[in-house]
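Reviewing the structure listed below.
Please treat every number below as a calculation from the coordinates, not as lab data. All of these numbers come straight from a predicted model, not from anything done at the bench. With ideal geometry, Cβ positions are generated from the backbone for all residues, glycine too; neighbour counts draw on all protein chains shown.
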Amino acid sequence: MIAHALTYEIMTPESVGRERSDLVLGKHSGRAGLARRSKELGFELCEAEIDQLYELFIDLADKKKEVYSDDLRMLIVGMYDKGFETYQLEQLRASGVDPTVALVKLRHGDEVTTETATGDGPVDAACVAIEKIVGITGRLEQFDIRATTPGKDALGEAYVTVRFGDRVYRGNGVSTDIVEAAIHAYLNAMNKHVAYLGSDKAAKACAGTAK
């Protein structure tokens with residue numbers, strides 16, 4: 001049954017104007033669906049690798065309501081490139097107006113890098129600083145934020161859509177500070193693109209073990 005897309009998709013991607021589906025099967029869909037989706041992403045996994053990926057996928061699915069292709073790709077990259085590390089926000093400061101100056105400190109493995117940049121507001125300035133550290137430039141296409149808890153110290157959850165060349169990623173971040181939430185979201189999208197850039201290496205490793 002898994003061979004037919006309508007078994008697990010309510011509608012086809014074409015019916016809503018999309019070229020292909022970004023659907024990732026839910027935690028109860030089984031290993032066959034996960035193997036199929038991995039293959040669509042360019043990874044030929046053997047049975048033992050599917051078992052390993054499935055455990056990671058179930059753990060992630062327990063934490064997230066929606067698991068996208070980018071998330072699955074990062075899981076696979078993490079399996080085959082132990083040297084891959086995402087960038088983590090260590091410090092964020094912003095001050096001034098017209099322009100705003102932001103200081104960003106990121107951790108990448110054991111390395112910590114600090115950079116400053118100016119921009120049109122604290123979010124723009126901090127994003128520029130992140131791009132200077134990582135060496136990749138993105139374009140923020142959508143930015144939404146909402147309060148997730150009531151009260152004076154409410155948590156704000158930011159959602160962004162960022163374009164890197166011909167690829168677009170979703171990112172999300174949570175903080176009591178809306179600027180910090182936005183930067184966590186932008187960094188989340190950036191890390192997904194960094195994972196994609198490393199996926200060729202992971203795919204080759206998968207192909208080698210499958211022979």
Rank these for me by crowding, K132, K39, going from fewest to most other beta carbons within 10 Å. K39, K132
Give the residue from A129, A182, H193 lying farthest towards the positive end of the charge dipole for segment 87-197; charges sit on Cβ (+1 for Lys and Arg, -1 for Asp and Glu) and the dipole is referred to the Cα centre. H193
Stretched out fully, how many nm does the piece from L56 to F143 gain, at 0.36 nm a residue minus the Cα gap? 28.4 nm
Lys and Arg at +1, Asp and Glu at -1: add these up for the other residues within a Cβ distance under 10 Å of H193 and post the number. +2
Work through the residues other than L103 whose Cβ is under 15 Å from its Cβ and net out their charges, Lys, Arg +1 and Asp, Glu -1. -2
Cubic angstrom per residue, convex hull over Cα atoms of segment 87-197: 100
Least to most buried among I130, I136, by other C-beta atoms within 10 Å and fewest first, runs I136, I130
Please give the net charge around G171, taking every other residue with its beta carbon less than 12 angstrom from that of G171, where Lys and Arg add +1 and Asp and Glu add -1. -2
Longer than 20 Å from Cα to Cα, which of K63/K105; K63/K132; K105/K132 are they? Say none if no pair is. K63/K105; K63/K132
